[in-house]
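Asker: Structure provided below as structure tokens; questions to follow.
The values are calculated or read from the model by the stated rules, or taken from the named source; none is laboratory data. A quick note: this is a predicted structure, and the numbers were derived from the prediction, not measured. For neighbour counting, all protein chains shown are included, and Cβ atoms are generated from backbone atoms with ideal geometry for every residue, glycine included. What goes into the accessible areas is simple: the full protein's heavy atoms, side chains included, and nothing from ligands, DNA or RNA. Shrake-Rupley method; radii C 1.70, N 1.55, O 1.52, S 1.80 Å.
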Amino acid sequence: AAPGRRPARRALPSGQGPACGPAMNIFVNNVDGHLAGAICADLSKLSRNIIGTRKGQIDEYVPPPPVIKKVIDRVEVRKLLKTIAACDVVIYDLHDADLEELELVLRILYQSEITQDLTFILISSVGVWARTQREYEQIPDPTPEATPRQEANPEEDGNAAEAPEAAGGAAPATAEGGDGGAAEGSGADGGGEDAEAQEALRLASKDSVLKPRRVKPLRSEDYTRRIPAPKFQEWRTIETLTLSLKEKGVIRPYVVCAGMPYGNGEDAFLGLFRAAWMTRPTLRVIGPGHNALPLVHVRDCARLVRRVLEERPELDYHLAVDRGDATQRQVIEAVATEFGIPYEIKSVSVPEAILAEMADMLTMDIRLEPSDLMTAAPPPPSDDAAADG
């Protein structure tokens, strides 16, 4: 091997890779970004060698996150590309990335002779799924008590028919308009049959007409079906370019698709919070507001990135979303309630809000299930590690 260069290593299968440890070299693009800052903080649990670039100039007064060992100046493109190619892990967040620069990095990595196992993680957005063909399911009945009530109705109707006879011997008049003789002839059985028929008709009508539907959730494994909103068409192309790095053998690419991020100072919802804090009369729900919005806390997204590095899963694509099915109206009204907005939140039509901030994201209607790595418990420490500890 040439001096100063690492010897070439055989590509490892999924589930293996460079050991996560203090010596692992991690590059994060724009370490001062909203998601990237949380990712750097979480990855500091794995390595002390985290380097990266910044959105602003290096000589600005705002310091980089304290876990960053070194900031690379992106003005020197050749040096930047060499640094990236020499790292064990490379992370790019599309929310804060220069798309032309990222395409250049992907092309150089694909064409270069990489001499070490490299993991490339791309943080994308659920906007890439916004136009995916949806399937619907009926919302489960929250009070499945029809059967017990149905079983109890005949007995109650029989007791009601017998009570007047015990009191005065007169037969009750029925709502169906029968005379006393008819009621005496049918007795309790006739009342029970009528009640059962009405209940069966009510349940059939409820199932066929009144039962509401919702969008069926999609899983990470469905990523080949994803269809982006027009704004995110190029993002989907970059996802495909990233996953194509797998052909290199020594590069293991992953895509972590993040829901609308919130928390840690806000970014996507900053305008919404600012309007609520200043009590501006601009808080509106676009359309009815019953559409499902995939959300994620930035720290949960950062934790998933770390789990991907730790687990090296077989699946290339992972959804970083909350499990709760929040709707647009619930999000807007929750912000208004938190800030004590004095006015009622009204709705505007989609054409009226076409130029509003985040209108394309707030009007998507899609349910996504979080990656299994977000819901599974972290693996217990090995016996060897416990013995060493």
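Asker: Please go through region 351-376 and give me each residue that is within 19 Å of P228 (Cα to Cα) and in a helix (DSSP H, G or I), ordered by number.
Answerer: Listed by number, the residues that qualify are A359, D360, M361, L362.
Asker: Next up: Counting just the residues of region 319-371 that are of a type in the set (D, E, K, R) and under 13 Å from the mean Cα position of the chain (by Cα), which one comes out farthest from V296 (Cα to Cα)?
Answerer: D365
Asker: Can you confirm whether S124 is in a loop (DSSP other than H, G, I, E, B), within 27 Å of G265 (Cβ to Cβ) and within 31 Å of the chain's Cα centre (by Cα)?
Answerer: No, not satisfied.
Here's the yes/no breakdown for (1) under 24 Å from H95 (Cβ atoms); (2) at pLDDT below 55; (3) under 25 Å from the mean Cα position of the chain (by Cα):
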| residue | (1), (2), (3) |
| --- | --- |
| G185 | no, yes, no |
| G192 | no, no, no |
| R214 | no, no, yes |
| P228 | yes, no, yes |
| S244 | yes, no, yes |
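Asker: Can you tell me which residue within region 308-357, out of those that are of a type in the set (G, A, S) and at pLDDT below 85, is farthest from M260 (Cα to Cα)?
Answerer: G340
Asker: Any residue that is within 28 Å of R214 (Cα to Cα) and among the aliphatic types (A, V, I, L, M) - is there at least one of those in region 274-281?
Answerer: Checked against the condition, which is being within 28 Å of R214 (Cα to Cα) and among the aliphatic types (A, V, I, L, M), region 274-281 yields no hits at all.
Asker: Does region 104-119 contain at least one residue that is closer than 30 Å to P230 by Cβ, among the polar types (S, T, N, Q) and modelled with pLDDT of 95 or more?
Answerer: No, region 104-119 contains no residue that is closer than 30 Å to P230 by Cβ, among the polar types (S, T, N, Q) and modelled with pLDDT of 95 or more.
Asker: Hey, among the residues in region 14-51 that are under 12 Å from E310 (Cβ atoms) and open to solvent by less than 10 Å² (accessible area, probe 1.4 Å), which one's modelled with the highest pLDDT?
Answerer: This residue is L43.
This table checks each residue for (1) in a helix (DSSP H, G or I); (2) open to solvent by 40 Å² or more (accessible area, probe 1.4 Å); (3) within 21 Å of A320 (Cα to Cα); (4) hydroxyl-bearing (S, T, Y).
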| position | (1), (2), (3), (4) |
| --- | --- |
| L80 | yes, no, no, no |
| I84 | yes, no, no, no |
| H95 | yes, yes, yes, no |
| E100 | yes, yes, no, no |
| E103 | yes, yes, no, no |
| L109 | yes, no, no, no |
| I114 | no, no, no, no |
| F120 | no, no, yes, no |
